[in-house]
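Worksheet: the structure to be examined is printed underneath.
The values are calculated or read from the model by the stated rules, or taken from the named source; none is laboratory data. In this text, all values refer to a predicted model and were calculated from it rather than measured experimentally. Here the Cβ positions follow ideal geometry from the backbone for every residue, glycine too, while neighbour counts run over all protein chains shown. Each accessible area value is taken on the protein alone, full model and side chains, heavy atoms only, with ligands, DNA and RNA left out. Shrake-Rupley method; radii C 1.70, N 1.55, O 1.52, S 1.80 Å.
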Amino acid sequence: MMENFTPVSALVGGLLIGIGSALLLWTNGRIAGISGILGGLLRFDKSNLGWRAAFVAGLVLAPVLVSEFGPGIAPVKIDANIPMLIVAGLLVGIGTRIGSGCTSGHGVCGIGRLSPRSFIATLLFMATAIVTVFIMRNLPV
Amino acid sequence: MRVQLAALVSGLIFGVGLTISRMIDPSKIIGFLDVTGAWDPSLALVMIGALAVTLPAFAIARRHETTLFQSKLQLPTRNDIDPPLVIGAILFGIGWGIGGFCPGPALSALAFGLIKPMVFVAAMIVGMVGVQVLSKNPD
């Protein structure tokens with residue numbers, strides 16, 4: 001049990017996620033909700049394009065920073081195959097836009113500002129994801 | 001310019017957090033969601049660490065009403081639990097469970113130059129644009 005538990009890196013990483021969110025809030029007055037930021041970017045609303053593109057660029061560059069100047073990154077393991085990833089991506093894209101947020105917007109920021117909508121959304125997507133993994137683990141394939 | 005620079009630094013810190021905590025690794029996410037298997041509680045600690053900062057950060061921001069750059073805070077105001085919120089969260093949860101990717105970590109994982117994160121992000125963008133095209137009030 002729990003042989004993969006990495007409490008220190010999880011806690012430190014979590015603090016950094018919180019600090020990134022707090023900085024965006026204190027400087028830009030914005031929620032660090034990735035699906036909302038990306039969704040806004042995809043609307044090409046000119047007045048808000050700059051900060052959104054800059055935040056997303058930071059997200060994409062971050063692993064390069066960790067691998068070049070930090071401790072390096074262990075390889076990731078993606079078990080889902082390409083068709084599964086297409087279905088998953090579509091569901092995540094559709095669900096986060098209909099539901100106004102994802103793990104960051106509802107989970108990290110929404111609960112952080114004590115929003116009842118975000119509490120409910122976070123409970124729902126966590127529970128649904130747990131059930132989904134349970135079903136996939138127990139499929140006779 | 002300072003607004004964009006601050007957003008870039010915010011995204012970098014956020015992404016370094018996702019990278020160090022291994023949230024960019026779908027097998028790590030599935031390990032947390034797989035509560036009846038070899039359960040890995042790491043993601044719970046990521047959430048606790050993040051909330052330890054965002055809870056006071058939002059409380060402080062609320063008291064000041066403006067940002068450090070003297071602009072207005074732009075926070076959501078709705079409190080109602082409506083069907084789109086519920087349906088959207090459920091669809092997102094199913095997708096998250098299938099792939100092990102949510103939007104932030106998927107974007108950071110593009111840095112690896114691997115085909116799988118690219119396919120996931122492309123499909124996610126198609127889904128997002130689809131909703132925005134069909135919906136009358138995006139956001």
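Key figures for this structure:
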{"quantity": "Solvent-accessible area per residue for the protein assembly as shown (1.4 angstrom probe, square angstrom)", "calculated": "44"}
{"quantity": "Equivalent ellipsoid semi-axes - Cα gyration tensor, region A:1-69, angstrom", "calculated": "28, 14, 12"}
{"quantity": "B:Leu75 paired with A:Phe119, simple spin-label distance in nm, labels 7 Å along Cα-to-beta-carbon", "calculated": "1.5"}
{"quantity": "Largest-first principal axis extents of the Cα set of chain B (Å)", "calculated": "47, 37, 32"}
{"quantity": "Percentage relative contact order, chain B, counting C-alpha pairs under 8 Å, at least six apart", "calculated": "27"}
{"quantity": "A:Ala74 paired with B:Thr36, simple spin-label distance in nm, labels 7 Å along Cα-to-beta-carbon", "calculated": "2.7"}
{"quantity": "Isotropic mean projected area of the C-alpha convex hull, chain A (nm²)", "calculated": "11.0"}
{"quantity": "Accessible area buried at the A-B interface, both sides summed, 1.4 Å probe (Å², nearest 100)", "calculated": "9600"}
{"quantity": "For q = 0.09, 0.12 Å⁻¹, Debye-computed log10 I/I(0) when each Cα of the protein assembly as shown counts as one equal scatterer", "calculated": "-0.36, -0.66"}
{"quantity": "Among B:122-130, B:25-33, A:100-108, the order from most to least packed when residues are scored by Cβ within 10 Å on average", "calculated": "A:100-108, B:25-33, B:122-130"}
{"quantity": "Per-residue mean of C-beta atoms belonging to partner chains within 10 Å, peptide B:69-76", "calculated": "5"}
